[in-house]
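Step one of this worksheet: look at the structure below.
Just so it is clear, none of the values below were taken in a lab; they were calculated from the coordinates. No experiment lies behind these values; they were computed from the predicted model shown. Methodologically, a virtual Cβ is constructed for each residue, glycine included, from the backbone with ideal geometry; neighbour enumeration extends over all protein chains shown.
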Amino acid sequence: MTSTILRPFKSGTKFSYREAGQGEPIVLIHGVGMQSEAWLPQIEALSNAYRVIALDMPGHGQSDPLPVGATLQDFVAWLAKVVDTLELPQINLAGHSMGALISGGYAATYPDRVLRVALLNGVFCRSPEARAAVEGRAAELRAGKVDLETPLTRWFGESDADQAARTLVAEWLGSVDVSGYSIAYTAFSRGDRTYADLFKNISCPFLALTGDGDPNSTAEMAHAMAAQVADGKAVVIEGERHMINLTVPDVVNGHLLEWLKRSVKKKELQ
């Protein structure tokens, strides 16, 4: 069973999260427009052996937003504050989409704090054409134009599993705070190269997981990320698109459990 918790920072701003289980902590960060509930299949599977903490990203769920103009570095700094506030010396860390950008940035910046890191449907060094497209969508959001149908069509196929997940995701997208969504999406649109040169700092077991039908978080990106990391591994799931943790949760959970069993050396904190 999960419980939703609202916690203040010393500054007075708040963040919210779902928590279940006991043991070594694993922190989960969702993508833009989603909320911690998107991790329920993973919370159920992982909380049997781990303390699972699924965060609501700034401006999503009950977490307060970051200021207008926030960059990916600001979201990584936010995560660092969360980890410190929760008094977690070292964590396993997994993120999806925008959450993958934050997770990769945190692991590259604070390598001694991360035992293992997994990036689901992450983006990495977009092509100029892909970057222009995502920045165009961010500009539309900043102008107040919210198009839910286009991403849903891009993210999901026609299978029963896809359509069931699409219904859930449509509800979350439809209820998200537009301002918080816009701030996060703008950072997402500009953040694919922010930490690319720092991935070499990641020495822990690293997993990049995506679907071969995801046009924006491509198989090539997953392999490129894993190649930058000493202990990197890329996995591409056939026939899947962007929301793999919801459309094929059993497959994703199996890869995550295997990743969590990869041996680590506990690091001395500086």
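Data overview
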{"item": "Amide proton proximity set for LYS233, modelled H, under 5 Å, gap of 5+", "result": "PHE206, LEU207, ALA208"}
{"item": "Most mobile listed residue (ALA118, ALA133, ALA234) in the chain, GNM with C-alpha springs under 10 Å", "result": "ALA133"}
{"item": "Under 16 Å from the ALA164 label point (7 Å along Cα→beta-carbon), backbone N, the stretch 233-267", "result": "243-253"}
{"item": "Selected from LEU115, LEU66, LEU86 as most flexible by GNM, with the chain as the system and alpha-carbon contacts under 10 Å", "result": "LEU86"}
{"item": "Label-point separation in nm, GLU135 to ALA49, each point 7 Å along Cα→Cβ", "result": "4.4 nm"}
{"item": "Nitroxide proxy distance, nm - points 7 Å out along Cα→Cβ at LEU198 and ARG262", "result": "2.0 nm"}
{"item": "Pairwise label distance in nanometres, VAL251 with GLN22, each label 7 Å out on the Cα-Cβ vector", "result": "3.5 nm"}
{"item": "Two-decimal Rg to Rh for the stretch 1-153 - Kirkwood Rh, Cα set", "result": "0.97"}
{"item": "Mean Cβ neighbour count within 10 Å, used as a protection proxy, ranking 136-144, 25-33 highest first", "result": "25-33, 136-144"}
{"item": "Extended-chain gain in nm, criterion 0.36 nm per residue less alpha-carbon gap, LYS145 and THR4", "result": "47.7 nm"}
{"item": "Among 195-201, 184-190, 79-85, the order from most to least packed when residues are scored by Cβ within 10 Å on average", "result": "184-190, 79-85, 195-201"}
